[in-house]
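Enquirer: Right, I'll just put the structure down here and ask away after.
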Amino acid sequence: MLQRGAFVTLEKRETHDLRGCIGHVLGDRPLGEVVRQVAVSAARSDPRFPPVQFDELSSLRVGISVLAEPVQVEIGDRCRLVIGRDGLLVRRGHAQAVLLPQVATEQGFTPEAFLNAVCHKAGLSPGSWREPATQVFTFTADIFIE
C-alpha cells in the first residue's frame, strides 16, 4: 500500500481565493487515508476559515498534492531550489511551516523570497533559513486539480 504525504487545497472556482488547505507531510500512512483525512480537515478545520457549507461545494475547486518524502537541504545548497518543482518545509524548535511547490510559481517568488516566505509562515524572521539551527527540507509533489 502506497504511503505518502498529501495536501488538499480548496479554492473558490470563480476567484481562485483560498478556502482551505491542510496537509500531512510524512509518508507514514496509506495515501488514501491521508487524503481522506486532510480533505475533511481542509473543509472543516482550517483555522483561517469558517467550515465549508454544503451549498458551497459546487463552487469549490479541489487540488490534491501528493508529496514525495522531504529531503534535508544543507545551508550552502538552499538557494539552489527549483521554483515550480520544489516545495519547502522549514523547522526550528517547535516552529514549522510548509509551502507547496505551486506557491512559489503563483506568487512569483525567487528562491530566496520563497525561503523567506516559509520562514515567515513558521513565525521565524526573514533570513532564518541561513542559520544552522533552522532545518530546511525540499520535496516534490504530484498535483491533481479537479
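Nothing in this text is a laboratory measurement; each read-out follows from the coordinates by a stated rule. Here the structure is a predicted model, which is why all the values come from computation and not from measurement. Please note: Cβ atoms are built from the backbone with ideal geometry, for glycine as well, and neighbour counts cover all protein chains shown.
Enquirer: Which order results if Leu31, Leu57 are arranged by neighbouring Cβ count within 10 Å, fewest first?
Expert: The order, fewest Cβ neighbours first, is Leu57, Leu31.
Enquirer: For the stretch 5-67, just run the numbers: alpha carbon Rg, then divide by 2.2 N^0.38 Å, N being how many residues it has.
Expert: So the stretch 5-67 has a normalised radius of gyration of 1.08.
Enquirer: Would you list Leu2, Leu18 from fewest to most Cβ contacts within 10 Å?
Expert: Leu2, Leu18
Enquirer: A further question on this structure: Using only the Cα atoms of the chain, each taken as one equal point scatterer with no solvent, compute I(q) by the Debye sum, divide by I(0), and report log10 of the ratio at q = 0.18, 0.20 Å⁻¹.
Expert: Taken in order of the listed q values, log10 I(q)/I(0) reads -1.07, -1.25.
Enquirer: Put +1 on the Cβ of each Lys and Arg and -1 on the Cβ of each Asp and Glu in the chain; which of Met1, Gln102, Pro132 then has its Cα farthest toward the positive end of the dipole?
Expert: Among Met1, Gln102, Pro132, the one farthest towards the positive end of the dipole of the chain is Pro132.
Enquirer: Could you give the longest part of the chain that holds none of the trypsin sites (Lys or Arg not before Pro) found in DSSP loops with at most 16 neighbouring Cβ atoms within 10 Å?
Expert: The reported range is 86-146.
Enquirer: 222 nm [θ] for the chain, helices only, -39500 (n - 2.57) per DSSP H run of 4+, per residue, to 500?
Expert: Mean residue ellipticity at 222 nm (helix-derived): -6500 deg cm²/dmol.
Enquirer: Which FRET efficiency value, to the nearest 0.05, do you get for Glu56 and Asp142 by plugging their Cβ-Cβ distance into 1/(1 + (r/R0)^6) with R0 = 25 Å?
Expert: E(calc), rounded to 0.05, equals 0.40.
Enquirer: Any idea what the dipole of the stretch 5-67 comes to, in debye rounded to 20, about its Cα centre with Lys/Arg Cβ at +1 and Asp/Glu Cβ at -1?
Expert: 40
Enquirer: Going by how many other beta carbons lie within 10 Å of each one, how would you line up Ser45, Ser58, fewest first?
Expert: Ser58, Ser45
Enquirer: Give me the dipole magnitude in Debye, nearest 20, for the stretch 34-146 about the Cα centre, with unit charges on the beta carbon: positive for Lys and Arg, negative for Asp and Glu.
Expert: Around 260 debye, computed over the stretch 34-146.
Enquirer: Further, regarding this structure: When the Karplus curve 6.51 cos²θ - 1.76 cosθ + 1.60 is applied with θ = phi - 60°, which whole-Hz ³J(HN,Hα) does each residue of the stretch 107-116 get, with x for Gly and Pro?
Expert: For the stretch 107-116, the Karplus-derived couplings read 8, x, 6, 7, x, 5, 5, 5, 4, 5 Hz, x marking Gly and Pro.
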